[in-house]
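Let me begin by presenting the structure, written as structure tokens, before commenting on it.
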Amino acid sequence: MSEMKKEINAKEISPAVIKRLPRYYRYLGELVENEVVRISSKDLSERMKVTASQIRQDLNNFGGFGQQGYGYNVQYLYNEIGKILGLDRTNNIIIIGAGNLGQALANYNFEKRGFKTIGLFDANPRLVGINVRGIEIHDIGELEEFVKNNEVQLAALTLPKQHAHQMALELMSYGVKAFWNFAPIDLNLPDDVIVENVHLADSLMTLSYRIHSREEE
């Protein structure tokens, strides 16, 4: 590991900064596709609706990457943010719960972002054996053996909330240490376990508030 990476790992990076990194990566990816070679923090700020000062502060947490009078080399910055996000490696995902949401996730092509779905699991025997984008749905009883025979970095949970916590504990006992949780419940797990709770209803209610606030104005 380089000295810069050691220094970054030793820093306490703000969660707000980490939340913005995927946005930088997405916008820079669009610039790469459009063959833009370089961009200033001002121009990037206009695209992202984030101040130029905020962009510079965020990127300075990881070494800066810009050159005064030149701005940022788009391809280089895109690659470096990808490395910071761990997207230069393949992260294997399993999906627990092969209903509509689970199958929708399996149908999404995450491979170009460094994530590969390698298995789906469900307790419903009518779903077992079905292939979703070439990925087989396994019986939940096969979960332990599958995890132990494959490198699983992440488990996506698309389960009813009453089953999510117990399933997370079971997966932890098999060695899974990161969860992408779509169940409508916050998972409270040990500090050495990484959890990203995704509450779709919360996002929809936020949208509802903004719609009705605008109507009242």
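The values are calculated or read from the model by the stated rules, or taken from the named source; none is laboratory data. Nothing here was measured: the structure is a model prediction, and the numbers come from that model. So basically every Cβ, Gly included, is an ideal-geometry build from the backbone, and we count neighbours across all protein chains shown. SASA here: full protein model, heavy atoms, side chains in, ligands and nucleic acids out. Shrake-Rupley method; radii C 1.70, N 1.55, O 1.52, S 1.80 Å.
I'm checking my understanding of the structure. Among residues of segment 109-144 that are part of a helix (DSSP H, G or I) and either of a type in the set (Ser, Thr, Tyr) or closer than 19 Å to Met167 by Cβ (or both), which one is least open to solvent (accessible area, probe 1.4 Å)?
First, pick out the residues of segment 109-144 that are part of a helix (DSSP H, G or I): 111-113, 140-144.
Of the ones still in play, those that are also either of a type in the set (Ser, Thr, Tyr) or closer than 19 Å to Met167 by Cβ (or both) are 140-144.
Numbers: Ile140: 46, Gly141: 65, Glu142: 82, Leu143: 1, Glu144: 77 Å².
Per the criteria, the residue is Leu143.
For segment 77-108, filtered to residues that are small (Gly, Ala, Ser) and in a helix (DSSP H, G or I), the residue that is most open to solvent (accessible area, probe 1.4 Å) is Ala104. Within segment 115-129, is there a residue that is among the aromatic types (Phe, Trp, Tyr) and modelled with pLDDT under 95? Checked segment 115-129: at least one residue is among the aromatic types (Phe, Trp, Tyr) and modelled with pLDDT under 95.
Among the conditions (1) more than 19 Å from the chain's Cα centre (by Cα); (2) buried (at least 18 other Cβ atoms within 10 Å of the Cβ), Pro160 misses just one, which is (2).
In the set (1) in contact (Cβ under 8 Å) with a residue 24 or more places away in the chain; (2) of a type in the set (Asp, Glu); (3) closer than 30 Å to Leu28 by Cβ, the condition left unmet by Glu170 is number (3). Could you list, in sequence order, the residues of segment 171-181 that are open to solvent by 30 Å² or more (accessible area, probe 1.4 Å) and not charged (D, E, K, R)? Of everything in segment 171-181, those that are open to solvent by 30 Å² or more (accessible area, probe 1.4 Å) and not charged (D, E, K, R) turn out to be Met172, Ser173, Tyr174, Gly175, Trp180. Read through the list (1) over 30 Å from Glu145 (Cα atoms); (2) acidic (Asp, Glu); (3) out of contact with any Lys or Arg (no Cβ under 7 Å at 6 or more places or on another chain), then give the number of the only condition that Asp88 fails. For Asp88, the failing item is (1).
In segment 37-76, the residue that is nearest to Arg113 (Cα to Cα) out of those that are crowded, with 19+ Cβ neighbours inside 10 Å, under 21 Å from the mean Cα position of the chain (by Cα) and free of Cβ contacts under 8 Å to residues at least 40 places away in the same chain is Leu59.
How many residues does segment 145-170 hold that are part of a loop (DSSP other than H, G, I, E, B) and either hydroxyl-bearing (Ser, Thr, Tyr) or more than 20 Å from Pro190 (Cβ to Cβ) (or both)?
Count: 4.
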